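Written below as structure tokens is the structure these notes are about.
The values are calculated or read from the model by the stated rules, or taken from the named source; none is laboratory data. Fair warning: this is a prediction, and the values are worked out from it, not measured in the lab. No Cβ is skipped: glycine too gets one built from the backbone with ideal geometry, and neighbour counts run over all protein chains shown. Quick note on the areas: whole protein, heavy atoms, side chains included, nothing else; ligands and nucleic acids left out. Shrake-Rupley method; radii C 1.70, N 1.55, O 1.52, S 1.80 Å.
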Amino acid sequence: MTTGFQGIPAAIDLIHILDTIEVPIVFVRRDFVIACFNKAAADGLGLSAADVGRTCRDVSVLARLPRLEQQCRQVIADGVEWRADFRDGDRWFVVRISPCSIGDRPISGTVLTFTNVTAFRASTDQAIYEREFTKAILNTVADPLVVVSPDLRIQSGNRAFYTTFSVSRDETQGVPLDEVGNGAFAFRTLRAQFEEMLAGRHAFQPVEVEHVFPRKGQRTLILGAHPLSVPGHSQRRVLVTFQDITARKQAEAAKDLRSEKELRRSEAFLTEGQRLSLTGTFSWKVATDEITWSEQLYRIYEFEVGMPVTLELIRTRVHPEDVSLLEKMKMVDQARGGSNDFEWQYRLLMPDHSIKYMHAVAHATRDRDGQLEYIAAVQDVTVRRISEEALTRARTELAHVARATTLGTLTASIAHEVNQPLSGIITNASTCLRMLDADPPNVDGARETVRRTIRDADRASDVITRLRALFGRKSTTTESLDLNEATREVIALSLSELQGSGVILRADLGDDLPLVTGDRVQLQQVILNLLRNAADAMSGIDDRPKQLVIRTERVDDDGVCLSVQDAGVGFAPEDIDRMFDAFYTTKSGGMGIGLSVSRSIIERHRGRLWAARNDDQGATFAFSIPCAPDTKPRPAVIEPEHAMGKP
Amino acid sequence: MAKRSLVSVVDDDESVRESLPDLLREFGFEAKAFASAEEFLASGYLEQTRCLILDIAMPGMSGQDLQEELTRRRQKIPIVFITATGDETVRPLVLERGAVECLFKPFSEKALLGALNAALSVA
């Protein structure tokens with residue numbers, strides 16, 4: 001040990017102990033001379049062994065202590081300890097000067113201890129800084145904040161708290177929160193909630209409160225509370241927050257009002273639109289028969305608006321012949337699945353026996369539980385339908401008149417042209433016979449009449465030749481075509497006509513149908529003819545559905561077959577051979593030309609057309625034609641027929 | 001044998017004008033053929049004609065026009081109409097106006113004889 005308690009010989013153990021203390025300790029004699037110091041003083045204050053016996057005034061670190069000498073004298077004189085803060089560079093010390101006496105001797109000097117408080121000073125400064133910083137933040141927050149004790153007594157608030165509630169810090173200190181603002185926050189559950197929160201059972205549920213402020217008037221506040229606890233402190237506090245949501249509430253209310261207005265307006269638009277377009281809408285949950293109707297639909301069906309709608313009620317209006325459509329809607333989704341947009345037409349039979357024509361478009365969806373629901377728009381197309389029907393009737397009549405006129409004119413013209421020479425032939429032949437029967441026979445006269453007979457016969461033959469030139473078949477145009485597509489076009493053309501006759505058409509068109517070669521228009525005429533025949537055959541049927549099935553399929557690898565199956569009156573077995581004769585008909589208004597022409601068209605496509613009686617009801621007419629050769633279809637030239645006479 | 005009765009034929013069709021008079025002569029009548037109503041009216045044979053075989057459809061004056069004209073002139077010549085159009089509606093019309101018969105071409109010898117007999121019995 002290099003340093004020691006000079007002049008204190010009995011204290012070896014004490015010196016040892018002092019050297020282990022990290023706090024620098026310096027003994028100063030009465031005469032202000034350093035008597036001794038411990039190891040920490042050497043290390044911490046830079047004292048050296050040479051400093052022992054020197055006056056403090058000459059030791060730099062002690063010389064920097066202001067008024068040290070006077071203080072030491074004072075301590076010796078008073079016998080009372082003195083302490084002071086001392087800054088040495090960036091270090092802070094608490095210097096303590098204590099009177100020192102050894103044994104029974106009077107005070108012989110002072111003991112200086114230097115406690116380094118640099119770290120403590122730094123953390124205190126930091127704490128002060130943090131506190132000021134937090135205070136600044138709290139005071140700039142616009143929302144009132146207040147810290148209360150667990151029994152709700154106010155401890156401190158931020159500036160916004162005092163200004164908002166128009167109270168001062170002093171008058172609220174220690175006042176229970178539920179007495180502030182005329183008891184605005186004295187609601188029953190507040191204290192209970194605090195207890196729950198502080199006991200750690202429930203978080204505080206923010207509460208919306210109304211409060212009338214002296215200057216601001218009525219405001220809506222959300223009161224929140226958060227427990228504040230400092231580790232090591234048993235005392236708990238609660239931060240109470242007030243959030244002014246008045247402006248937000250007003251904005252929301254305005255927005256609600258606005259969107260409600262907009263909603264009302266678009267509803268009004270919709271209603272007016274439905275009224276003008278005579279369109280109603282409905283939704284139908286099939287499983288529960290829950291039906292929702294728009295106002296316009298009530299008007300169309302002529303039910304009192306708001307009346308509960310049931311299927312039974314709807315049935316009382318739907319035309320008896322169209323009721324089956326309702327049943328079909330129930331089934332359709334089970335059968336198909338997938339996309340289910342479809343449209344159909346039906347009629348309403350009103351109590352006054354008038355008929356309304358409806359056009360409906362429905363979209364089938366599945367709700368969350370997988371239940372079928374329809375959303376549909378229904379338009380009253382009666383006016384349109386009536387004018388369409390009038391137009392169709394006029395067109396049909398016109399076509400009929402045109403055809404009758406043409407045929408009548410044609411017939412008269414043909415009759416006249418042919419009857420003239422025939423008349424001559426008969427008259428001449430009669431004359432000839434008479435001349436030959438005479439006695440003696442007038443052979444010259446007879447020869448003349450025979451010559452005239454031949455001339456007249458030639459003349460009749462010329463008439464026929466001219467007619468054929470006029471109506472003779474031209475060469476047909478051929479192309480590769482998709483029979484399904486051609487069929488769909490025909491269906492599209494005749495659908496409304498078929499629907500009008502109450503026919504339920506089912507198209508069963510085969511997949512992967514090969515192309516065929518032929519005259520598209522002619523084949524379509526055949527298909528149309530078969531469809532019309534089928535519909536006509538069912539016109540008088542009322543004891544069963546007028547079911548019509550049109551089907552296409554591939555046959556024998558190299559052919560395509562189209563069949564039309566009806567549930568009509570059918571035909572007698574003995575009629576089957578005559579049916580395709582040119583003028584054979586079972587129809588009262590028919591021309592009878594259809595099937596024979598159809599057959600000749602199909603035969604020119606190298607195919608065949610036939611008829612068969614169905615097992616149950618009706619008949620099936622079908623044709624098959626060969627498919628187009630190879631993948632690269634060559635137009636097959638179909639020659640015009642020359643068999644009927646001179647070219 | 002009494003003087004043969006004159007049967008006049010008015011038809012625009014030449015084969016009729018050639019063949020019908022021959023047959024009428026075979027029946028034992030006198031026969032004259034005219035290509036139009038106008039030609040007949042101008043011929044001067046009106047008075048002698050005991051029976052008129054008259055085509056309906058002709059250019060210019062039709063058979064019915066001639067029937068009217070004869071009625072107007074009070075020439076009561078029995079008329080047998082012949083027509084090639086096959087229009088059935090014309091027959092009751094002309095019979096109502098006094099025609100003896102209306103034959104549709106081609107007509108048989110028997111039908112023609114029947115009509116002629118009816119015509120001559122009227123006269």
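Report whether or not A:TRP293 is among the aromatic types (Phe, Trp, Tyr), open to solvent by less than 60 Å² (accessible area, probe 1.4 Å) and in contact (Cβ under 8 Å) with a residue 60 or more places away in the chain. Steps first, please.
On the way: among the aromatic types (Phe, Trp, Tyr): yes; open to solvent by less than 60 Å² (accessible area, probe 1.4 Å): yes; in contact (Cβ under 8 Å) with a residue 60 or more places away in the chain: no.
Taking the combined requirement at face value, the residue does not satisfy it.
From (1) within 14 Å of chain A (Cβ to nearest Cβ); (2) closer than 22 Å to A:GLU417 by Cα; (3) more than 13 Å from the chain's Cα centre (by Cα); (4) in contact (Cβ under 8 Å) with a residue 24 or more places away in the chain, pick out the condition that doesn't hold for B:SER19.
Every condition holds for B:SER19 apart from (4).
Please list, ordered by first then second residue, the pairs with beta carbon atoms under 6 Å, 6 or more apart or interchain, first in region A:422-448 and under 23 Å from A:ASP458 (Cα atoms), second of a type in the set (Val, Ile, Thr).
A:ILE425/A:THR453; A:ASN428/A:THR449; A:ASN428/A:THR453; A:ALA429/A:THR453; A:THR431/A:THR449; A:CYS432/A:THR449; A:CYS432/A:VAL450
Within the bounds of region A:215-222, is there any residue that is surrounded by 16 or more Cβ atoms within 10 Å (Cβ to Cβ) and more than 40 Å from the chain's Cα centre (by Cα)? Walk me through how you get there before you give the answer.
Step one: filter region A:215-222 for residues surrounded by 16 or more Cβ atoms within 10 Å (Cβ to Cβ), giving A:219-221.
Remaining after also requiring more than 40 Å from the chain's Cα centre (by Cα): A:219.
Yes, there is a match, as at least one residue in region A:215-222 is surrounded by 16 or more Cβ atoms within 10 Å (Cβ to Cβ) and more than 40 Å from the chain's Cα centre (by Cα).
Do we have any residue at all in region A:243-256 that's among the hydrophobic types (A, V, I, L, M, F, W, C), under 26 Å from the mean Cα position of the chain (by Cα) and in a helix (DSSP H, G or I)?
Step one: filter region A:243-256 for residues among the hydrophobic types (A, V, I, L, M, F, W, C), giving A:245, A:247, A:251, A:253-254.
Those still in the list that are under 26 Å from the mean Cα position of the chain (by Cα) too: none.
No, region A:243-256 contains no residue that is among the hydrophobic types (A, V, I, L, M, F, W, C), under 26 Å from the mean Cα position of the chain (by Cα) and in a helix (DSSP H, G or I).
Regarding region A:117-129, can at least one residue be identified that is of a type in the set (A, V, I, L, M, F, W, C) and surrounded by 14 or more Cβ atoms within 10 Å (Cβ to Cβ)? Break it down into steps so the answer makes sense when it comes.
Residues of region A:117-129 that are of a type in the set (A, V, I, L, M, F, W, C), as a first pass: A:117, A:119-120, A:122, A:127-128.
From what is left, the residues that are surrounded by 14 or more Cβ atoms within 10 Å (Cβ to Cβ) are A:117.
Yes: one or more hits.
Report, by residue number, each residue of region A:426-440 that is within 12 Å of B:SER108 (Cα to Cα) and facing chain B (nearest Cβ under 7 Å). Show your work before the answer.
The initial filter retains those residues of region A:426-440 that are within 12 Å of B:SER108 (Cα to Cα), namely A:426-431.
If the condition is that a residue be within 12 Å of B:SER108 (Cα to Cα) and facing chain B (nearest Cβ under 7 Å), then A:ILE426, A:THR427, A:ASN428, A:SER430, A:THR431 are the ones that fit.
Does region B:37-63 hold any residues that are at pLDDT 90 or above and open to solvent by 30 Å² or more (accessible area, probe 1.4 Å), and which are they?
Correct list: B:GLU38, B:GLU39, B:LEU41, B:ALA42, B:SER43, B:GLY44, B:TYR45, B:GLU47, B:GLN48, B:ARG50.
Taking the residues in region B:1-16 that are part of a helix (DSSP H, G or I) and buried (at least 18 other Cβ atoms within 10 Å of the Cβ) as candidates, determine which candidate is farthest from the other protein chains (Cβ to nearest Cβ). Give the steps one after another, and end with the answer.
Keep residues of region B:1-16 that are part of a helix (DSSP H, G or I), which gives B:14-16.
Now drop any that are not buried (at least 18 other Cβ atoms within 10 Å of the Cβ), which leaves B:15-16.
Details: B:SER15: 3, B:VAL16: 6 Å.
The extreme case among them is B:VAL16.
Any residue at all in region B:22-36 that is out of contact with any helix residue (DSSP H, G or I) (no Cβ under 9 Å at 6 or more places or on another chain), on the phi > 0 side of the Ramachandran plot and either outside any strand (DSSP E or B) or surrounded by fewer than 20 Cβ atoms within 10 Å (Cβ to Cβ) (or both)?
yes
Would you pick out the residues in region A:226-264 that are open to solvent by less than 80 Å² (accessible area, probe 1.4 Å) and farther than 30 Å from A:ARG191 by Cα?
Scanning region A:226-264 gives A:ALA251, A:ALA253, A:ALA254, A:SER259.
Suppose we filter region A:449-468 for residues that are more than 7 Å from chain B (Cβ to nearest Cβ), open to solvent by less than 60 Å² (accessible area, probe 1.4 Å) and not small (Gly, Ala, Ser); how many remain?
So the first thing to find is which residues in region A:449-468 are more than 7 Å from chain B (Cβ to nearest Cβ), and the list is A:450-451, A:453-455, A:457-468.
Then keep just the ones that are open to solvent by less than 60 Å² (accessible area, probe 1.4 Å); that gives A:453, A:457, A:460-461, A:463, A:465, A:467.
Next, from what is left, pick out any that are not small (Gly, Ala, Ser): A:453, A:463, A:465, A:467.
Qualifying residue count for the region: 4.
Which of the numbered conditions does B:MET58 fail, given that it passes all the others? Conditions: (1) away from every other protein chain (no Cβ under 14 Å); (2) touching a helix residue (DSSP H, G or I) at 6+ places or on another chain (Cβ under 7 Å); (3) of a type in the set (A, V, I, L, M, F, W, C); (4) farther than 20 Å from A:ILE426 by Cβ.
Every listed condition holds for B:MET58 apart from (1).
Could you pull out the residue among B:LEU112, B:LEU93, B:LEU103, B:LEU116 that is more than 11 Å from chain A (Cβ to nearest Cβ) and within 14 Å of the chain's Cα centre (by Cα)? Break it down into steps so the answer makes sense when it comes.
On the way: B:LEU112 fails: more than 11 Å from chain A (Cβ to nearest Cβ); B:LEU93 fails: within 14 Å of the chain's Cα centre (by Cα); B:LEU103 fails: more than 11 Å from chain A (Cβ to nearest Cβ).
Among B:LEU112, B:LEU93, B:LEU103, B:LEU116, only B:LEU116 is more than 11 Å from chain A (Cβ to nearest Cβ) and within 14 Å of the chain's Cα centre (by Cα).
Would you say A:ALA203 is touching a residue at least 40 places away in the same chain (Cβ under 8 Å) and assigned to a loop (DSSP other than H, G, I, E, B)?
On the way: touching a residue at least 40 places away in the same chain (Cβ under 8 Å): no; assigned to a loop (DSSP other than H, G, I, E, B): yes.
Answer is no for this residue.
If B:GLY60 passes every condition in (1) over 11 Å from the mean Cα position of the chain (by Cα); (2) on the phi < 0 side of the Ramachandran plot but one, which one does it miss?
Here B:GLY60 meets the rest and fails (2).
Determine, yes or no, whether A:LEU422 is open to solvent by 50 Å² or more (accessible area, probe 1.4 Å), more than 8 Å from chain B (Cβ to nearest Cβ) and either assigned to a helix (DSSP H, G or I) or charged (D, E, K, R) (or both). Spell out the reasoning first.
Values: open to solvent by 50 Å² or more (accessible area, probe 1.4 Å): yes; more than 8 Å from chain B (Cβ to nearest Cβ): no; either assigned to a helix (DSSP H, G or I) or charged (D, E, K, R) (or both): yes.
The answer is no for A:LEU422.
Go through region A:358-387 and report how many residues are in a helix (DSSP H, G or I) and at pLDDT below 80.
Residues meeting the conditions: 0.
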